[in-house]
1. Which of the residues spanning segment 281-304 are in a loop (DSSP other than H, G, I, E, B) and more than 9 Å from residue 12 (Cβ to Cβ)?
2. Could you tell me whether residue 16 is surrounded by 14 or more Cβ atoms within 10 Å (Cβ to Cβ) and at pLDDT 95 or above?
3. What are the residues in segment 79-109 that are outside any helix (DSSP H, G or I), touching a helix residue (DSSP H, G or I) at 6+ places or on another chain (Cβ under 8 Å) and surrounded by fewer than 23 Cβ atoms within 10 Å (Cβ to Cβ), if any?
4. With the condition kept exactly as written, say whether any residue in segment 212-232 is at pLDDT below 95 and outside any helix (DSSP H, G or I).
5. Are any of the residues in segment 146-166 under 27 Å from residue 26 (Cβ atoms), part of a loop (DSSP other than H, G, I, E, B) and in contact (Cβ under 8 Å) with a residue 40 or more places away in the chain?
6. Let me spell it out: the conditions are (1) in a helix (DSSP H, G or I); (2) at pLDDT below 95; (3) crowded, with 23+ Cβ neighbours inside 10 Å, and residue 143 meets all of them except one. Which number is the exception?
7. Going by the structure shown, is residue 169 in a helix (DSSP H, G or I), surrounded by fewer than 23 Cβ atoms within 10 Å (Cβ to Cβ) and on the phi < 0 side of the Ramachandran plot?
8. Identify, from the list 248, 244, the residue that is at pLDDT below 90 and in contact with a strand residue (DSSP E or B) (Cβ under 9 Å, 6 or more places away or on another chain).
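The values are calculated or read from the model by the stated rules, or taken from the named source; none is laboratory data. Note that the structure is predicted; figures quoted are calculated from it, not measured. Cβ sites come from the backbone with ideal geometry, for glycine too, and all protein chains shown count toward neighbours.
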C-alpha cells in the first residue's frame, strides 16, 4: 500500500462509526427531552437525567436509527422511538440496581441512581422515565402510532422485560438452570427491548409488516449475542471497564449462559448469535446492510 492510501472501512468499522454517530445525535435530543419537563419537580427531573445522560453505549437508539434509515426513514422519523427506548433502558437499570432487585451501588462507573438520590426518588424517577418513553414513541411523524406503542409495550411488560426480571428472580439462587430456562429469561429481560428497538425503527419508517418482522429477527439475534457477552464480561472484566460490580452473577447464583454452558461455551454461543445476525442482515440487503452486518462483530468484541 502506498503512503497516502488507507484501507476501506470494515463492516465492524462501519458499525462502530454508526454507534458513535448515533450517540452524538442522541445526547442533545435526550437533554432537550428533559429540558421540556419544566413544570415537573426539579429534583425528579434531575434524578431522571442522572439515570439517563452522560453514559451508556446507546445501542438501542442506535439500532432504532439504523433500522429506520435502512428502511427509507430519516432522523426525524427515528427521534421519538430512539428517545423512548433509551428512557425505557434507563428506567430498567434504575430498577435493576435497587436493593430489592440486584442491589448494586454502582452503574456506569458512578453511584447508581438510588445511591445518589435515595430509593424512593429513584423508583419514582424510573416510573417517570417509563411514561416519558410512551409520550415520545407516540410522536413518530410517519409510522403507525398504535403499532409503535404496541411494539414498545409488548417488549417492556409481562411478556417482555418485566416478565424476564420475574423469571430471573425465580431462578436466582435455585438449582442450576438449564440452557432453555436461561435463554427464555434473557430473551424477555434483555433481548425483547433490543429486538423491539430494531422493529421500532422499521415501523417508524413505514416499512411493511413482513419487513418489520425480518428486521426484528435481526435485532433479536443481536440481543442474544449482547447478553451472552454480558455474562462473559461479568466473569472476565473489572469494575473500571465494566462500570458496575463484576462477579455478582456467580456470587448470587444468577441464571447465566456461563453457568449453563461454561465460559467458552458462552463465548461460542455469542459467536453463533453474531453469525445469525449477520446472515439475517445479508438477507435483508439494502444500502445499510454492511453497517447492520458489522453490529454482530462489534457486539461480539465488546469489552464493557
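1. 285, 286, 287, 288, 302, 303, 304 - these are the residues of segment 281-304 that are in a loop (DSSP other than H, G, I, E, B) and more than 9 Å from residue 12 (Cβ to Cβ).
2. Numbers: surrounded by 14 or more Cβ atoms within 10 Å (Cβ to Cβ): yes; at pLDDT 95 or above: yes.
Yes, satisfied.
3. Of segment 79-109, the ones outside any helix (DSSP H, G or I) are 98-109.
Within this subset, residues satisfying the condition of being touching a helix residue (DSSP H, G or I) at 6+ places or on another chain (Cβ under 8 Å) are 98-99, 101-107, 109.
Matches in segment 79-109: 98, 99, 101, 102, 103, 104, 105, 106, 109.
4. Checked segment 212-232: no residue is at pLDDT below 95 and outside any helix (DSSP H, G or I).
5. no
6. (1)
7. On the way: in a helix (DSSP H, G or I): yes; surrounded by fewer than 23 Cβ atoms within 10 Å (Cβ to Cβ): yes; on the phi < 0 side of the Ramachandran plot: yes.
Yes; evaluated as a whole, the condition is true for this residue.
8. Values: 248 fails: in contact with a strand residue (DSSP E or B) (Cβ under 9 Å, 6 or more places away or on another chain).
Going through 248, 244 in turn, just one is at pLDDT below 90 and in contact with a strand residue (DSSP E or B) (Cβ under 9 Å, 6 or more places away or on another chain): 244.
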